[in-house]
Every structure is written in C-alpha cells, then in structure tokens.
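Accompanying notes for the structure given below.
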Amino acid sequence: MNDKQEPHFFSTQVVQAKRFYIQTTTAKDGRLNVICGGCEDTAENYCIKRKTFPYYCIEFVAEGKGTACLASRTFKLAPGTVFSYGPGIPQHIHSAPGTRMVKYFIDFQGRHAGQALQKYDTPPGSAIHTSRPDELRRIWDELIKHGLSNSRFRSDLCATLLEYLMLTIAETASTENVRINQAFVNYQRCRQSIRDHFMTLNSLEAIAEICNNNPAYLCRLFKKYDTQSPYKYLCQLKMAYAAERLEDPKLLVKEIAYELGFDDPSHFTRLFTKVFGIPPQTFKELR
C-alpha cells in the first residue's frame, strides 16, 4: 500500500491484500484516471453493502464464489466473473457462506468513464464471464505493480493498462452470460494443481497425472481458457521462484536448479535465459 493512508472505502474484511492508492483527483484531457486498485483475499462471510460509490469500479473474481446484487440485478460470482458498478448504483457483494474469495479491483474516474464501460460491454451494474481469466490476472498484476511503484509515470501507466484491461475484458467476454461450465471448472482445478506442485513437476505428462487428465485434453483446456500451454505455465512458475531464490547470495545456480527438479543445470540455465533474456548467473550478479 503506497501514498499516505488507505481510503475509507477499502475493505477491512480481508485475510491479506495488495492494494495501491494514487492521491490524484484530476483526469488529464478527459482520460481515465486510476484512483486505486489491488487484489484481496477476503475473509469468510465477506459482505459489502453500499448505497453508492464515488468512483467507477471493475472487479474480477479469481477464486471462490459468491453473489453480487447491483441495483436491481443479481449475479452469481465464480472464478472468471467480471462485474462493474459506479456512482448511483447500490452494491451488495458477499461470498458464499463459509467461503472466501480472491478478487481484483480497479477504481477510476474521468469525464468519459461511464461511456468507456458501455463501449467495452461492461456498463455499470452488469457482469460478464471472461474466457481468459489468466490473461486478466496478468494484466491486473502488472497494473498493481505500477500502482505500487514510485515512478513519476505511474498514473499514466495505470491509465494505459486500465484501457488495455477493459479492451481485453470485452474481447474475452463469454456469451454464456456468467454460466460456468464443467470444462472451466476443470481448468481452474488443474491450474491450481500446477501452482500447488510446481516444485516437483517437470513434464506435461507429470502435470496431466497430477490433474487426473490426459495430456491432450489438458492442452485443449488451456488453449480454450488460457494464453499459454500447461507446460509453459509450469515453467513460468518455476522461473519466477528461481528469480526470487537467486537473490540469496549464498545459493549457487546449480543448487536452485536441483531444488526445482532439474537434473541438468544447463537445461535450467537455457530456460531461465529464454524467460528473462539473461543467464541466471548474470541475473544473480545484477541483483
């Protein structure tokens, strides 16, 4: 959390949260102006009731389930649900009994904010289901990273990423009207299994086994709902972990490679270089 203090409307019903707040009030030349955003891991029985809200807001459910009542419309919340609201729209948002949600949000204003939501098929008080939830997560994570930075360009970067986010939401909106099918549930389950076991997995076959699916079906699931294959997702998790471990000056590159299940450290080096553009030893020295 950056800037002086959290705004009063930030929820306290969270187990953990990564949020930013930009204390600016003037949008430039009618452009969208990001006020705040973040990712929240809500507490059980999370419940928000508001008669209105000072800014326009887009929220995205990454995990868990619940319900959102926006004005006179009620929407079921599940992984992949995107919903929006703004000034003059009452909100009653709550998780399913005894459950938690992981959800992203972005609050913004601007002379044409409401029209922008209309243009990108998410008018205030509506909900859609995205067919590419992982893509939205990556954009949101990038937005949060810049929102938490001290860069003098962070407002402009966040505004640009917000427009990119809205366009991506519109492009990936499902025609199923927020109806979750079994294939999407399987995709979410498999993605979580990869996250839980990425340290020990080392092949597509191993991924398929831990997910109780055959490799061909698993690849079709990721092609439908993701922007990368299951094996590339595994490699992404391994390399992100490796980058963190490389900050430890006591660890050798080969030790990190073995820790991640690579029998051949040179294979680890080639993969790391492909992802980050430099070898792990160079990355370690720069850090």
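Give 280, 230 a once-over and let me know the one that is closer than 30 Å to residue 76 by Cβ and touching a Leu at 6+ places or on another chain (Cβ under 7 Å).
On the way: 280 fails: closer than 30 Å to residue 76 by Cβ.
Selected residue: 230, the only one of 280, 230 that is closer than 30 Å to residue 76 by Cβ and touching a Leu at 6+ places or on another chain (Cβ under 7 Å).
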* Of the numbered conditions (1) in a helix (DSSP H, G or I); (2) open to solvent by less than 50 Å² (accessible area, probe 1.4 Å); (3) modelled with pLDDT under 90; (4) not acidic (Asp, Glu), residue 271 satisfies every one except a single condition; which is it? -> (3)
* Structure fact -> Restricting region 185-241 to residues that are of a type in the set (Phe, Trp, Tyr) and in a helix (DSSP H, G or I), the one farthest from residue 280 (Cα to Cα) turns out to be 217
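Taking region 40-63 only, how many residues are hydrophobic (A, V, I, L, M, F, W, C), part of a strand (DSSP E or B) and open to solvent by less than 30 Å² (accessible area, probe 1.4 Å)?
Here is the first cut: in region 40-63, the ones hydrophobic (A, V, I, L, M, F, W, C) are 43, 47-48, 53, 57-58, 60-62.
Adding the requirement that they be part of a strand (DSSP E or B) leaves 47-48, 57-58, 60-62.
Now restrict to residues that are open to solvent by less than 30 Å² (accessible area, probe 1.4 Å): 48, 57-58, 60-62.
Going through region 40-63 one residue at a time, the tally reaches 6.
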* Condition test on residue 66, is it buried (at least 23 other Cβ atoms within 10 Å of the Cβ), under 20 Å from residue 161 (Cα atoms) and small (Gly, Ala, Ser)? -> no
* Residue list for region 111-155, restricted to those being without any contact (Cβ under 8 Å) to a residue 40 or more places away in the chain, open to solvent by less than 60 Å² (accessible area, probe 1.4 Å) and either closer than 15 Å to residue 62 by Cα or under 17 Å from the mean Cα position of the chain (by Cα) (or both) -> 139, 146
* Note down all Cβ pairs under 7 Å where the first residue falls in region 200-214 and is touching a residue at least 12 places away in the same chain (Cβ under 8 Å), the second is open to solvent by 30 Å² or more (accessible area, probe 1.4 Å) and β-branched (Val, Ile, Thr), and they're at least six residues apart or on different chains. => 201/210
* To do: Taking only region 186-208 into account, find how many residues are surrounded by fewer than 17 Cβ atoms within 10 Å (Cβ to Cβ) and either over 13 Å from residue 231 (Cβ atoms) or under 19 Å from the mean Cα position of the chain (by Cα) (or both).
  => 7
* **Residues within region 253-268 that are surrounded by 13 or more Cβ atoms within 10 Å (Cβ to Cβ) and not in a helix (DSSP H, G or I), tallied** => 3
* When only residues in region 120-142 that are of a type in the set (Val, Ile, Thr) and in contact with a strand residue (DSSP E or B) (Cβ under 9 Å, 6 or more places away or on another chain) count, which is farthest from residue 69 (Cα to Cα)? -> 130
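The values are calculated or read from the model by the stated rules, or taken from the named source; none is laboratory data. Computed from a predicted model, the values in this text were never measured in an experiment. As a convention, Cβ positions derive from the backbone with ideal geometry for all residues, glycine included, and neighbour counts pool all protein chains shown. Heavy atoms of the whole protein, side chains included, go into the accessibility calculation; ligands, DNA and RNA do not. Shrake-Rupley method; radii C 1.70, N 1.55, O 1.52, S 1.80 Å.
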